[in-house]
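In what follows, a single structure is set out as structure tokens and then discussed.
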Amino acid sequence: MSNTEYKFEGWAGFGPDSVEGKLKFIEYEPKQFAEDDIDMKILYCGICASDISTLSEGWGELKDMWPQVVGHEIVGEVVRVGSNPQNGIKKGDIVGVGAQCDSCLQCHYCNKDKENYCSKGMTGTYNGKFSRTSEGSKSYGGYANYWRGPSHFAIPIPKELDPAEAAPLLCGGGTVYSPLIEHGAGKQATNVGIIGLGGLGHFGVTLATALGAEVTVISHSARKQKDAEELGAKHFLITGDDEAKAFKGHERSLDLIICTSNAPDMNMPAYLSLLRPGGNFIFVGIPEGGQVPTIPLFAMVMGNVHIGGSLIASPQTLKDMLQLVADKKVKSWIQKWSMDKVNEAVPSMIAGNARYRYVLVNEKNGGKL
Ligand SMILES: NC(=O)c1ccc[n+]([C@@H]2O[C@H](COP(=O)([O-])OP(=O)(O)OC[C@H]3O[C@@H](n4cnc5c(N)ncnc54)[C@H](OP(=O)(O)O)[C@@H]3O)[C@@H](O)[C@H]2O)c1
Ligand SMILES: [Zn+2]
Ligand SMILES: [Zn+2]
């Protein structure tokens, strides 16, 4: 189908029950190869909570976008380049692709290394449609054997990094690194809070620590306290079901809070009480079901605190993060699953068992379990 000696095959969902271990292995038609595209033989792919919220339709119906091959923390070997490869990519290189695989590459934001906020909209690595080339073709993610897409969004993985550990950095790591940098973690933001110790949250701790910040983890139980300390956190707050009580005595102790939690109901005035005047509360987690916290106007005005959000990371930000990870020898805490066991791995991730990121290993392609 794809005019190559290899086939594009992957684990596809056909409906919201696919997260219950019902992904099916199928062959599909990738986008038409463009001169700035690459083909990658996939070795590793992380499982992000966004994969699950997409498949479960927790963020909205997929309609004509079924079937869906998700996965946007992809690392693999380049097996084909066109005449116009970006990022210096050559055949045989190990590269990674995160949650975005295309944008217009021409607008103000694309020209300022903010492709994730492209004015024409970004193309997601899955559940997206290409428009710059191969207009209308669907994008397919990394629970698969091969990936095809624009080389602009394929990031060379530094040689010092373990490619399996690099995979979840491409969405999970970048998504927290981007607001950490934007809001001065380790600089003007000396004290950083991370809400939720999951895949994103654990990178929040390691990356904020690597940037020189003092980190407080805010978790809903005591279960992960020892891990948080091992990851580098200096403080651990347990919310239980009463945030106001949990935060007594910790008012105005943080400059920046990154919220990676999926929790739909949060006592926002209590969280904002943790911020110093001028502080920022940044959402990256997105609960399912459209339920979001209401705006706590009084707490914002009285405390001079700001609430914002942040979407993934641009290619340049991903490159900067990977360099920091290599320089400071930051470890990803991953657990590997054979990609053939994806129908066990996804339900286990939903059950909250990951410590802290599951990475699917494509053993047939040479990925190492
Ligand atoms: N903005 C973006 O660009 C972007 C990119 C990637 C992912 N995301 C979103 O970020 C969120 C986190 O993703 P992830 O992959 O890190 O997920 P994850 O590994 O499942 O971690 C989520 C953490 O949230 C906490 N939590 C609190 N209440 C929860 C609840 N009711 N249900 C589930 N978790 C709850 C848990 O930490 P504790 O046990 O410590 O409380 C849990 O470990 C998801 O909403 C995901 O879709 C956003
Ligand atoms: Zn993701
Ligand atoms: Zn653009």
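The values are calculated or read from the model by the stated rules, or taken from the named source; none is laboratory data. Here the structure is a predicted model, which means the values were calculated and not measured. Neighbour counts are summed over all protein chains in view; Cβ atoms, including those assigned to glycine, are modelled from backbone coordinates with ideal geometry. Please note that ligands, DNA and RNA were not included when accessible areas were found on the heavy atoms of the full protein model with its side chains. Shrake-Rupley method; radii C 1.70, N 1.55, O 1.52, S 1.80 Å.
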Review point. By its C-alpha gyration tensor, with a ≥ b ≥ c as the square roots of the eigenvalues, how is the chain shaped: rounded for a/c under 1.5, else prolate for a/b larger than b/c, else oblate?
Key: prolate
Review point. Which residues in the range 1-41 place their backbone N less than 13 Å from a point set 7 Å from the Cα of residue 61 along the Cα-to-Cβ direction?
Key: 16
Point to revise | aspartates and glutamates whose Cα lies under 17 Å from that of residue 328, excluding same-chain neighbours fewer than 8 positions away | key: 160, 162, 165, 214, 230, 320
Exercise for review: Kindly flag which residue pairs out of 7/341; 90/138; 22/368; 24/224; 63/112; 90/112 have an alpha-carbon separation exceeding 23 Å in this structure.
Suggested key: 90/138; 22/368; 24/224; 63/112; 90/112
Exercise for review: May I ask for the net charge around residue 243, where only other residues with Cβ less than 15 Å from the Cβ of residue 243 are counted and Lys, Arg are +1 while Asp, Glu are -1?
Suggested key: -2
Check your understanding: What is the range 85-140 by shape, rounded, prolate or oblate, if you read a ≥ b ≥ c off the alpha carbon gyration tensor as root eigenvalues and call it rounded for a/c under 1.5, prolate for a/b larger than b/c, and oblate otherwise?
Key -> oblate
Study note, to complete from the structure: Expected vector for the range 114-125, Karplus 3J(HN,Hα) from phi with 6.51, -1.76, 1.60 and θ = phi - 60°, integer Hz, x for Gly and Pro, equals 10, 4, 5, 10, 3, 5, 8, x, 8, 9, x, 5
Review point. Accessible area of residue 62, 1.4 Å probe, to the nearest 10 Å²?
Key: 10
Review point. For the chain, what is the calculated [θ] at 222 nm in deg cm²/dmol (nearest 500), taking -39500 (n - 2.57) for each run of four or more DSSP H residues and dividing by its residue count?
Key: -6000 deg cm²/dmol
Review point. Taking all protein chains as present, what is the carbon and sulfur share of the accessible area of the chain, in % to the nearest whole number, probe 1.4 Å?
Key: 50
Study note, to complete from the structure: Measuring from its Cα centre, the range 230-369 shows a charge dipole (+1 at each Lys and Arg Cβ, -1 at each Asp and Glu Cβ) which, in debye to the nearest 20, is 580
Review point. Rounded to the nearest 20 Debye, what is the dipole magnitude of the range 222-306 about its Cα centre when Lys and Arg each give +1 and Asp and Glu each give -1 at the C-beta?
Key: 240
Exercise for review: List every residue whose amide H lies under 5 Å from the amide H of residue 104, counting only residues 5 or more places away in sequence or on a different chain, with H placed 1.01 Å from N in the peptide plane.
Suggested key: 120
Practice item. On a C-alpha basis, how far is the centre of the range 1-33 from the centre of the range 61-91 in Å? Whole number, if you could? Key: 13
Practice item. Specify the inter-centroid distance of the range 178-247 and the range 337-369, based on alpha-carbon positions, in whole Å. Key: 25
Review point. Which ³J(HN,Hα) values, rounded to whole Hz and listed in residue order, are derived for the range 48-62 from phi using the Karplus coefficients 6.51, -1.76 and 1.60 in 6.51 cos²θ - 1.76 cosθ + 1.60 with θ = phi - 60°, glycine and proline given as x?
Key: 9, 4, 5, 4, 6, 5, 6, 4, 6, 6, x, 9, x, 5, 8
Practice item. Calculate, in nm to one decimal, what residue 351 and residue 24 gain on full extension: separation in residues at 0.36 nm each, minus their alpha carbon distance. Key: 115.6 nm
Check your understanding: What accessible area per residue comes out for the range 172-309, rounded to a whole number of Å², with a 1.4 Å probe?
Key -> 44
